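Encoded as C-alpha cells, the structure appears first; notes follow it.
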Amino acid sequence: MERSERTGLGLSVVGHIGLLAILSLNLMSVRKMPKLSEPMDVMLVDKAGLTSAAPEISKEAPQAAEAPEVAPTIEDAPPPEPAPAKPQPAPAPKPAPAPTPKPAPKAAEPPKPTPPAAKPAPPAPPAKPKPKATSLGTDFLKGIPVDKSAGKSTAPRAAAISPLAMNGLAALIASQVKPCYTIPAGGADAASIVSKIRLRLKKDGSIAVAPEVVGNLGVNPANQPYLRQMNEAATRALQRCAPYKLPADLFEAWQDIVFTFRPAQMS
Amino acid sequence: MRLRPFRIFPKSASPSPSGERLGRGLSNCTCARGDTPPPAPPMEERGVSRAGAILAFFMAALGLSAPAAAQLEVDITGGIAQPMPIAIPGMPTPSVANTPAGDTASLGQRVAEVVTNDLKNSGLFNPLPKSALETVSHPQVTAPDYIFWTQSGAQALVQGFVQANGDGSLTVGCYLYDVLAKSELARQGFVVQPSQWRRAAHKCADTVYTRLTGEGPYFDSRVVYVSETGPKTNRTKRLAIMDQDGANHRFLTNGQTIVLTPRFAPNQQTITYMSYTNNRARVYVYDIGSGTQRLVVDQPNMTFAPRFSPDGRSIVFSMAIGGNTDIYRVAASGGAPQRLTTSPGIDTGASYSPDGSRIVFESDRSGTQQLYVMNADGSNQSRISFGSGRYGSAAWSPRGDLIAFTRIGGGFNVGIMGVDGSGEKILTNGWQDEGPSWSPNGRVIMFFRTGQGSGKADLWSVDLTGVNERPVPTPLDGSDPAWGPLLP
C-alpha cells in the first residue's frame, strides 16, 4: 500500500512538474506577443463603410454562403514570409573545442551542450510578424461567390465591381496602410505636401513593384526641402504594411493602386 | 574584405584622389567631408522602377490589367507624427589599434553611442535599445544583414567603422540604409585626430539627421554660456564652452568678474559679452585661441547686449547715455559707434537676420516692452509683437523665418513668431524660462530656466513643436546659453 501510494504520489508530482514546465514554456512564448499588438486597431471602425459595400455586391450572385469558409483558408496560405530562420548563423561560431590539442574529455564535452541550448532562443523572436493593424479578413465580402471556377472569364467580373464595392475596397486598403504612415514631427510646412504613389501588388498581397512616386501637390519654396522625405514616408508606409490581405477575387481591382497621402489632417 | 577609405565617399564626389581629400582633412585637424549625395534616386531604385515598367507592359499586353476606368485610388489622410525607429549598432574596426583616445574597437562603440544620443535628443528618432541590436562585422558595414534589421523593427540603419590610419589620425566611416527598401541612403567618411573622435560621431549623426528629415545639420556645434555657482546673493559667474551635448566642457574665465550674455562670432573664435569690470558694465570681445579680452567701445557709458553681425564684421549693442538707451553698431575691430535708434526710452536686445539686412530688437517706446524690426541701418522701424504681456530677448532664427523671444506676462516663457509677428506660439511653460538661442539649423532652441524660489538656473532645449523639451547637462548651474554655428 505504502509503496504504491508513494509511487503514485511520485508520479503525480513528476507529472505536475512536467505540466508546469510545459505551461511555463507556453508562457514564455506568449510573453513576446503583447509587443505586437499596437494600439492601432482603431482603424477597424472605418470598416463600417465596408459592410455597406457587401450587400451591394451580394445582389450579383445568390449563391450559397459557403464562400466564407473558403476564404479563410486562402488567407492562411500567404502569411508573412517566414524568413526568420536565417539569423541562426550567429550561434554557429563554436569551433572553439577543435583547437584544444589535448583530448581532455572534460573540456570537450561542456561546449557542446551549450550551443544547442542557445539555438532554440533565436528562432523564437523571428516568429513575430510585422506590426500591423488587424485588418478585415478576405471574407469581408461575405455572400459573394468566391468560387474561382476558371471557366468564368476575369474581365466581366472586374467590370462588374460596383463603385460602392470599389469604395469598400479602398477603405479596406486604407485601413491597412494608415497605421504605418508615420511622418517626422514638427515641420509644419512639410505637412502640406501631398504625395501620389503608385503601388502594384501580387496576387498574394505582397509588393510586385517597388512603390513609385507619380506626383506631388502642395509643394512650395518653403517646404521644398522636405519633399523627398515626405515621399519617402509615404513609400515607407506602403512597404512596412505589406503584404496586404485583400479579397483575391477582386485582384484585378487592387493589383494596381494609386495612393494619395495627405500628411495633414483635413480641418 | 578590406575597405579602402575612399570608398566611403559617394561616387559623385569629385574625382580627386582620395588620399588628397583625406590629407586635406588631416592638415586642418578637422573633419573631411564628402559631398552630399545627389538628389537623384540611387541606381538600384531606378533599375527597379524600370523593371516595374516592363512588368506593367507585359501585364497590359496579356490583358490582365483592369480597364482604364478601374484605376483604384486610395486616400490616406493624416500622417502619424512619430519618432522613426532606427538601429545604430556599434561600429566595428578592420583591425584593433591603440590611439590616444582608446583602442579603435571601443571607439567604435562610443561613436555609435554619441550618434545614438544625438538622434534620440532630436526627438525625431527612436533608437533601438542595445539589446535589440546585432553585432556588426566589418564586411557587413557595406552589406547589411537586412533580414535581421527588418525583423528588429528599425526603419533605418546606421552602420560604420573606425579605423586607425598610419599617420595617427582616425577614419570614421558612416553609412545610412533604408531597411524597408533595402537600399543605401547616404555615406560619408570623416578623418579626425583621435582627440576629436566625438566630432566625427556628431558629423555622422548630422549626415543621418539631414538625410532622413530634410532639416539642416546641428549636432556638430558648440555652446557658450554663463556657468553659475555659489549663494544667491553672491554668485560666481564664469564663461564656459562645451559641445552641444554637454561634452568637452571647459571654463573660459575665472569668475573674478561677472559676465553676462555671451554671443559667438560667426568664426567661433571670438565671443562678445558684457562684463562688470571695475564696477562698470561694458561690452568685451574674448579671443578663444589666445584667451585675451578687449574692450569694444572705450567710453565711460554703460554698454551691453552685444551681438555679432552674420558676417562677423560688426557688433550691435546697447549704450545708455543719460537715461536713454539706444542701439548702436561698431566695427568688430573697434572704432566709432554708429547710432541706429533714437527714440526716448530703452531700445536693446538687437539680433540680426541671417542675411544681415534687418535687426529685431525690443523697445518700451509704446509704454511696454515690445519687439520691433528695422533695417540694418536703423531705418523703417516697425512693431511686430502685439500679444498680451511684454516681449524681450529676441533672437532671429538662422533659417530666417522665425524670431524666438521671451514673453513676460504672469511668468517667463520662450516662444516663436514669424518675422512679421504672425503665428505666435509659446513653446515652454516653466516658472521662468528666458534667453532663447537657436541651433544652427533653426529647429531647436536652447534657453535657461530658473526655479521658483531657489534662483538656480539650468540650461534646457526645446524643439519647434514644443514637445521635445529636455535639460542640457552642465556641471554647475547655467544661464545665458548661446548656440554657435555649425563647426566646419
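Nothing in this text is a laboratory measurement; each read-out follows from the coordinates by a stated rule. Model, not experiment: these values are computed from the prediction. Cβ atoms come from the backbone with ideal geometry, glycine included; neighbour counts cover every protein chain shown.
Details
- Sorting B:308-321, B:115-128, B:436-449 by their mean Cβ neighbour count within 10 Å, with the most densely packed peptide first, gives B:436-449, B:115-128, B:308-321.
- Estimated from the Cβ-Cβ distance and a Förster radius of 51 angstrom, the FRET efficiency linking B:Ile80 and A:His16 is about 0.60.
- Put in order of Cβ neighbour count within 10 Å, fewest first, the listed residues B:Val162, A:Val13, B:Val373 become A:Val13, B:Val373, B:Val162.
- Inter-label distance for B:Ser195 and B:Val419, nm, one decimal - labels placed 7 Å from Cα along Cα-to-Cβ: 4.0
- Whole-angstrom gap from the range B:422-443 to the range A:209-267, using each part's C-alpha centre: 34
- Summed residue charge, Cβ within 11 Å of B:Gly255's Cβ, Lys/Arg positive, Asp/Glu negative: +2
- B:Cys204, B:Cys174, A:Cys241, A:Cys180 arranged by Cβ crowding within 10 Å, fewest neighbours leading: A:Cys241, A:Cys180, B:Cys174, B:Cys204
- 0 to 90° range, to nearest 10: angle between helix B:18-28 axis and chain B longest Cα axis: 20
- Local electrostatic count at B:Gly389 - Lys and Arg +1, Asp and Glu -1, tallied over other residues with Cβ under 12 Å: +1
- Comparing Cα centroids, the range B:180-221 and the range B:383-400 end up 33 angstrom apart.
- Annotation: amide H of B:Ala376 within the under-5 Å range of B:Arg358, B:Ile359, sequence separation 5 or more or interchain, hydrogens built in the peptide plane.
- Taking every alpha-carbon pair under 8 Å whose residues sit at least 6 apart, chain B reaches a relative contact order of 10 percent.
- Value at 222 nm in deg cm²/dmol, rounded to 500, when DSSP H runs of n ≥ 4 in chain B each add -39,500 (n - 2.57): -5000 deg cm²/dmol
- Cross-link pairs exceeding 24 Å between alpha carbons, from the set B:Lys130/B:Lys203; A:Lys178/A:Lys245; A:Lys178/B:Lys203; B:Lys130/B:Lys456; A:Lys178/B:Lys182: A:Lys178/B:Lys203; B:Lys130/B:Lys456.
- Applying 1/(1 + (r/R0)^6) with r as the Cβ-Cβ distance of A:Leu164 and B:Glu73 and R0 = 22 angstrom yields a FRET efficiency of 0.90.
- Partner shielding of A:175-185 amounts to 6, given as the average count of beta-carbon atoms from other chains within 10 Å of each residue beta-carbon.
- Here the contact order of the range B:377-481, divided by its residue count and restricted to Cα pairs under 8 Å and six or more residues apart, works out to 18 percent.
- The modelled label-to-label distance for the pair A:Leu23/B:Thr292, using points 7 Å beyond Cα in the direction of Cβ, is 8.3 nm.
- The packing ranking, built from the mean of other Cβ atoms within 10 Å per residue, places the peptides B:336-342, A:165-171, A:219-225 in the order A:165-171, B:336-342, A:219-225, highest first.
- Burial order of peptide ranges A:198-204, B:399-405 (average beta-carbon count within 10 Å, highest first): B:399-405, A:198-204
- Note on B:116-123: average number of Cβ atoms from other chains within 10 Å of each residue's Cβ is 1.
- Shielding of B:81-89 by partner chains, average beta-carbon count, 10 Å: 3
- Chain lengthening between B:Leu260 and B:Asn429 when straightened (0.36 nm per residue, less Cα-Cα): 58.5 nm
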